[in-house]
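The values are calculated or read from the model by the stated rules, or taken from the named source; none is laboratory data. Note that the coordinates shown come from a computational prediction; the quantities given were computed from them, not determined experimentally. Counting neighbours? That spans all protein chains shown, and the Cβs are built from the backbone with ideal geometry, glycine included. In case anyone asks, the SASA skips ligands and DNA or RNA and just uses the protein heavy atoms, side chains included. Shrake-Rupley method; radii C 1.70, N 1.55, O 1.52, S 1.80 Å.
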Amino acid sequence: MLGQSWQRLVLKVGSALIAPEGKGCSTRYLLTLARFISECRSRGIEVVLVSSGSVAAGRSAIAFSHQPLPIPVKQAMASVGQYQMMQLWQNLLDCHCGQLLLTHDDFHNRRRYLNIENTLRTLLDHQVLPIINENDSVATAELKLGDNDNLAALVATAVDADVLIICSDIDGLYSANPRSNPQARFIAEVECITPEIFAMAGGSHHSVGTGGMVTKLQAAQKAGQQGIDTLIVNGQKAAVFEALLEGKAAGTLFHRQQERLSAKKHWLLHGLKSQGQIQLDAGAVKALQQQGASLLAKGVSAVNGQFDKGDAVLLCDSSGAPFAKGICQYPASELSRIKGLHSQQIAATLGYCPREEVIHRDDLVLLSAAEAAAQSSK
Ligand SMILES: Nc1ncnc2c1ncn2[C@@H]1O[C@H](COP(=O)(O)OP(=O)(O)O)[C@@H](O)[C@H]1O
Ligand SMILES: N[C@@H](CCC(=O)OP(=O)(O)O)C(=O)O
């Protein structure tokens with residue numbers, strides 16, 4: 001039965017559940033969620049909470065009615081709301097809570113990522129409930145993960161969770177956004193997240209939510225690659241949590257993938273933002289896709305973006321479609337000068353030749369069609 005073997009779960013709670021009226025935190029849905037967390041913990045299941053809602057919760061404290069909210073106003077709201085939200089969770093739960101506020105950089109930098117893993121492990125070992133959000137008050141656009149669905153998937157990977165439960169204001173995935181399409185059909189199970197599944201997803205309907213169904217599918221995809229199931233459930237319905245505790249199905253279940261990506265490739269795919277694109281000729285595309293080759297300068301036909309040595313880049317075919325992602329050993333300025341050259345000509349052109357490979361095979365991951373679509377939209 002669903003859930004019987006869970007030892008560790010990540011629960012993601014959306015803004016609409018934290019501040020349903022859009023003016024401050026409310027206990028309306030959080031009471032049920034807190035009861036669910038307590039019940040899981042009393043059964044020996046470790047829980048990590050990813051809680052959105054700092055901006056929504058802080059709205060009542062800062063009078064500002066114009067839309068869209070300017071970034072400094074949102075950041076000020078987040079500063080007030082984060083504190084109020086933590087206070088509310090702590091009041092509703094009879095265990096110690098520990099707060100982690102993270103940015104994209106914390107996942108990008110391997111040492112900081114390992115620190116996150118260690119801190120979370122230590123909190124769980126001491127029966128503390130970790131509560132995580134993006135550090136909205138300080139994160140600039142380039143440092144932002146942007147949405148807590150993807151953040152929750154990265155957290156689920158870091159703690160090696162059995163399941164990621166995304167609690168939203170909708171029953172799960174529908175064939176189209178049911179708020180705009182009354183014919184939309186509910187989908188109870190997804191074996192594999194294909195481009196057709198992505199095509200079903202629309203954005204958020206309210207001003208405090210981020211990403212709608214698109215970011216939830218991205219999160220389910222990330223988690224699935226790490227052998228983690230994802231459930232999208234309606235956090236407004238108490239019956240959902242009763243069903244889960246009884247081992248019954250609820251919401252949409254996204255099955256984990258059988259083949260797990262290595263930790264390094266998962267980090268490359270999801271922890272690193274690509275800083276540019278490299279276009280390859282047909283021969284190089286074939287060598288990478290079918291022969292497990294590394295990328296050499298000879299196969300590079302165009303370079304776009306201002307990336308540095310060690311940055312992640314997308315590799316595109318001659319039509320510009322991305323098909324792989326890798327860590328480049330040359331900065332964009334140097335790669336532009338050596339593109340199309342034989343490896344022996346690199347030293348004469350640059351005055352040195354640090355590495356024959358532009359991207360080594362070990363630093364490269366091929367993208368599925370759905371991943372390519374997700375990477376292009378970032
Ligand atoms: N195919 C779909 N199935 C279900 N919901 C969808 C779909 N496409 C878009 N949505 C929208 O996604 C919303 C949930 O995302 P969001 O508003 O970001 O919530 P949260 O704050 O919980 O992250 C739903 O209320 C719905 O309007
Ligand atoms: N970090 C932001 C929430 C971002 C977000 O993804 O919101 P949601 O779509 O409601 O999960 C906040 O706390 O307001």
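Keeping every protein chain present and rolling a 1.4 Å probe, give me the accessible area per residue for the range 259-378 in Å².
Working: 5520 Å² over 120 residues.
Here the per-residue accessible area is 46 Å².
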For this session: Take the chain, connect every pair of alpha-carbon atoms lying under 10 Å apart with a spring to form a Gaussian network, then pick out the residue of ALA188, ALA239, ALA332 with the largest mean-square fluctuation.
Result: ALA239
Exercise. Taking the mean number of other Cβ atoms within 10 Å as a proxy for protection, how do you rank 10-18, 80-88 from highest to lowest?
Worked result: 10-18, 80-88
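Stretched out fully, how many nm does the piece from GLN291 to ALA199 gain, at 0.36 nm a residue minus the Cα gap?
Answer, rounded to one decimal: 30.0 nm.
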Seminar exercise, completed: To the nearest 10 degrees, the tilt of helix 71-92 (Cα long axis) against the first principal axis of the alpha carbons of the chain is 50 degrees
Exercise. Under a plain spin-label model, where a point goes 7 Å from the Cα along Cα-to-Cβ, how far apart in nm are ARG110 and GLU21?
Worked result: 5.1 nm
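In Å, the Kirkwood hydrodynamic radius of the range 77-190 over pairs of distinct alpha carbons? Could you put the intermediate results ahead of the total?
Numbers: mean 1/r = 0.0613 Å⁻¹.
This gives a value of 16.3 Å.
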For this session: Between ALA250, ALA141, ALA152, find the one with the highest GNM mean-square fluctuation for the chain; connect C-alpha pairs within less than 10 Å.
Result: ALA141
Problem set entry | Neighbour net charge for GLN345 - beta-carbon separation under 14 angstrom, K R +1, D E -1 | +1
Exercise. So which of LYS265/LYS309; LYS222/LYS248; LYS144/LYS222 end up more than 20 Å apart, counting from Cα to Cα?
Worked result: LYS222/LYS248
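For the range 42-136, report the convex hull volume of the alpha-carbon atoms normalised per residue, in Å³, without decimals. All intermediate terms of the calculation are to be shown ahead of the outcome.
Numbers: hull volume 9.8 nm³, N = 95.
So the per-residue Cα hull volume is 103 Å³.
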Exercise. What are the ³J(HN,Hα) values, in whole Hz, obtained from phi via the Karplus relation 6.51 cos²θ - 1.76 cosθ + 1.60 with θ = phi - 60°, for each residue of the range 97-112 in sequence order, with x given for Gly and Pro?
Worked result: 10, x, 9, 10, 10, 10, 10, 4, 4, 5, 8, 5, 8, 4, 5, 5
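Just the accessible area per residue of the range 87-207, please: how many Å² with a 1.4 Å probe? Before the final figure, lay out the partial values.
Numbers: 5710 Å² over 121 residues.
Per residue, the range 87-207 has 47 Å² of solvent-accessible surface.
Just need the relative contact order of the range 207-287 here, percent rounded to a whole number, with Cα pairs under 8 Å and 6+ apart.
It comes to 30 percent, rounded to a whole number.
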Exercise. For the range 89-200, what is the relative contact order in percent, using Cα pairs closer than 8 Å and at least 6 residues apart in sequence?
Worked result: 20 percent
Exercise. Long-range amide H contacts for ASP229: which residues qualify at under 5 Å (H placed 1.01 Å from N, peptide plane, sequence gap of 5 or more or a different chain)?
Worked result: LEU164, ARG256
For this session: Order the peptides 174-181, 345-352 from the highest to the lowest mean number of other Cβ atoms within 10 Å of their residues.
Result: 174-181, 345-352
Exercise. Quick one: Cα centre-to-centre distance for the range 315-378 and the range 22-56, in angstrom?
Worked result: 44 Å
For this session: Pop out the carbon and sulfur fraction of the accessible area of the chain as a percent, whole number, probe 1.4 Å.
Result: 49 percent
Problem set entry | Estimated inter-spin distance, ASP362 and SER333, nm [label 7 Å along Cα→Cβ] | 2.9 nm
Exercise. When only Cα pairs under 8 Å and 6 or more residues apart are kept, what is the percent relative contact order across the chain?
Worked result: 14 percent
Exercise. Given only helices, namely DSSP H runs of n ≥ 4 each adding -39500 (n - 2.57), what is the per-residue ellipticity at 222 nm of the chain, to the nearest 500 deg cm²/dmol?
Worked result: -10500 deg cm²/dmol
